[in-house]
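These notes are about the structure you will find just below.
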Amino acid sequence: MPERERRKGYDRPLRAMERELSDEQVVMLRQLESYGWELKFIRHLPFQPPQPVLFDSDRSHYAVLLADGSLDEQAGINIRH
């Protein structure tokens, strides 16, 4: 039996996701938002810290917001379309 997609139709409110961010991440997120970047989701991998994933305004690039507030544009995660 095929596995059902659990995430379909589920959009977590932005403020709920932001509660998972460190102070440094929130400061950087606010700066990036002024350039059109947007927090889209937070990856939760076993035994690893949460990984907030941001997309630029035209949705052509993504980056991971690291715990210290820096941006990793070479994160190498696989984004499904």
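Odds and ends about this structure:
- Filtering Arg59, Arg30 for residues that are out of contact with any Gly (no Cβ under 8 Å at 6 or more places or on another chain) and in a helix (DSSP H, G or I) leaves a single hit, Arg30.
- Each residue in region 16-27 was checked for being under 11 Å from Pro52 (Cβ atoms) and assigned to a helix (DSSP H, G or I), and 4 of them qualify.
- Restricted to region 10-47, and to residues there that are in contact with a strand residue (DSSP E or B) (Cβ under 7 Å, 6 or more places away or on another chain) and aromatic (Phe, Trp, Tyr), the residue that is nearest to Asp72 (Cα to Cα) is Trp37.
- Selection over region 27-54 of residues that are among the aromatic types (Phe, Trp, Tyr) and within 8 Å of the chain's Cα centre (by Cα) gives a count of 1.
Just so you know, all these numbers are worked out from the coordinates, no wet-lab data involved. Just so it is clear, the structure is predicted and the values come from calculations on it, not from any experiment. Positions of Cβ are generated from backbone atoms using ideal geometry, with glycine treated the same way; all protein chains shown enter the neighbour counts.
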